[in-house]
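To start, the structure under review is shown below, and the notes come after it.
The values are calculated or read from the model by the stated rules, or taken from the named source; none is laboratory data. Small disclaimer: the values here were computed from a predicted structure and weren't measured. Quick reminder, even Gly has a Cβ in these numbers, built from the backbone with ideal geometry, and neighbours come from all protein chains shown.
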Amino acid sequence: SQKIEQNSEALNIQEGKTATLTCNYTNYSPAYLQWYRQDPGRGPVFLLLIRENEKEKRKERLKVTFDTTLKQSLFHITASQPADSATYLCAFGGYQKVTFGTGTKLQVIP
Amino acid sequence: DGGITQSPKYLFRKEGQNVTLSCEQNLNHDAMYWYRQDPGQGLRLIYYSQIVNDFQKGDIAEGYSVSREKKESFPLTVTSAQKNPTAFYLCASSILAGGHNEQFFGPGTRLTVL
């Protein structure tokens, strides 16, 4: 069955460094990958979408890559700040719906 | 202000009772979704609707029911048949169904069964 995996362990990094989060998928070839941010007790907020024919997408300090050979997406936050601390969810897009990963919790330490 | 609202924020229910969670959007989106989130399990799709008067089961529809009588409203009923209903419920909408459209989420309803 289709599976999307994110590192369930929290990622702790020092302020100012680049945070890199990984999303792997199996048994599927999504046309789209999406990334969301979720703060505790709140709904997710959309950040970026990348298509299968795009290798990389950027938005301000955020960068997403999509490697269809490795079946992997990487999500980077450069010059990280404590305000970036949250859980980040990846999701792959199908014809009618989106399937979410379990999320990775990022903690940026001042 | 355009957005998606859910009510109530917190809901307590006794075992054996049905309960309905509200979801309203004024974004003029065609597609709406209900997800359930448990600790460590991410978002799991319960039901989704691509258009008024039509909806499809998601991955964990058993024990739930929905209706889509109006474009802006997609209420979810958690029935007594749902074995483990305590969870955080999230409603979302998108312009159209499909993975190429970003989803806008409501603030969520935390349901606790006593």
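A few comments on the model shown:
- Residue in the stretch B:94-110 that is loosely packed, with under 15 Cβ neighbours inside 10 Å and free of Cβ contacts under 8 Å to residues at least 60 places away in the same chain present: no
- Filtered residues of the stretch A:47-77 (kept if β-branched (Val, Ile, Thr), more than 14 Å from chain B (Cβ to nearest Cβ) and under 27 Å from B:Asp38 (Cα atoms)): A:Ile77
- Within the stretch B:31-80, the residues that satisfy the criterion of being in contact (Cβ under 8 Å) with a residue 24 or more places away in the chain and small (Gly, Ala, Ser) are B:Ala31, B:Ser49, B:Gly58, B:Ser73, B:Ser80.
- A:Thr69 fulfils the conditions (1) within 30 Å of B:Gln6 (Cβ to Cβ); (2) exposed (fewer than 12 other Cβ atoms within 10 Å of the Cβ) except for a single criterion, (1).
- For B:Ile60: the one exception among (1) assigned to a loop (DSSP other than H, G, I, E, B); (2) surrounded by 20 or more Cβ atoms within 10 Å (Cβ to Cβ): (2)
- Members of the stretch B:61-90 found to be modelled with pLDDT of 95 or more and aliphatic (A, V, I, L, M), listed by number: B:Ala61, B:Val66, B:Leu76, B:Val78, B:Ala87, B:Leu90
- The residue that is nearest to the chain's Cα centre (by Cα), among those in the stretch A:49-72 that are under 22 Å from A:Gln2 (Cα atoms) and at pLDDT 95 or above, is A:Val64.
- Selection over the stretch B:37-57 of residues that are surrounded by 15 or more Cβ atoms within 10 Å (Cβ to Cβ) and of a type in the set (S, T, N, Q) gives a count of 3.
- Residue within the stretch A:102-109 that is closer than 17 Å to A:Val45 by Cα, of a type in the set (Ser, Thr, Tyr) and not in a strand (DSSP E or B) present: yes
- The residue that is surrounded by the most Cβ atoms within 10 Å (Cβ to Cβ), among those in the stretch A:14-46 that are under 19 Å from A:Ile77 (Cβ atoms), among the aliphatic types (A, V, I, L, M) and facing chain B (nearest Cβ under 9 Å), is A:Leu33.
- Looking across the stretch B:78-114, the residues that are outside any strand (DSSP E or B), within 7 Å of chain A (Cβ to nearest Cβ) and out of contact with any Cys (no Cβ under 7 Å at 6 or more places or on another chain) come down to B:Ala97, B:Gly98, B:Gly99, B:His100, B:Glu102, B:Gln103, B:Pro107, B:Gly108.
- Remark: B:Glu24 falls outside the filter, which requires a residue to be part of a loop (DSSP other than H, G, I, E, B) and either among the acidic types (Asp, Glu) or surrounded by 16 or more Cβ atoms within 10 Å (Cβ to Cβ) (or both).
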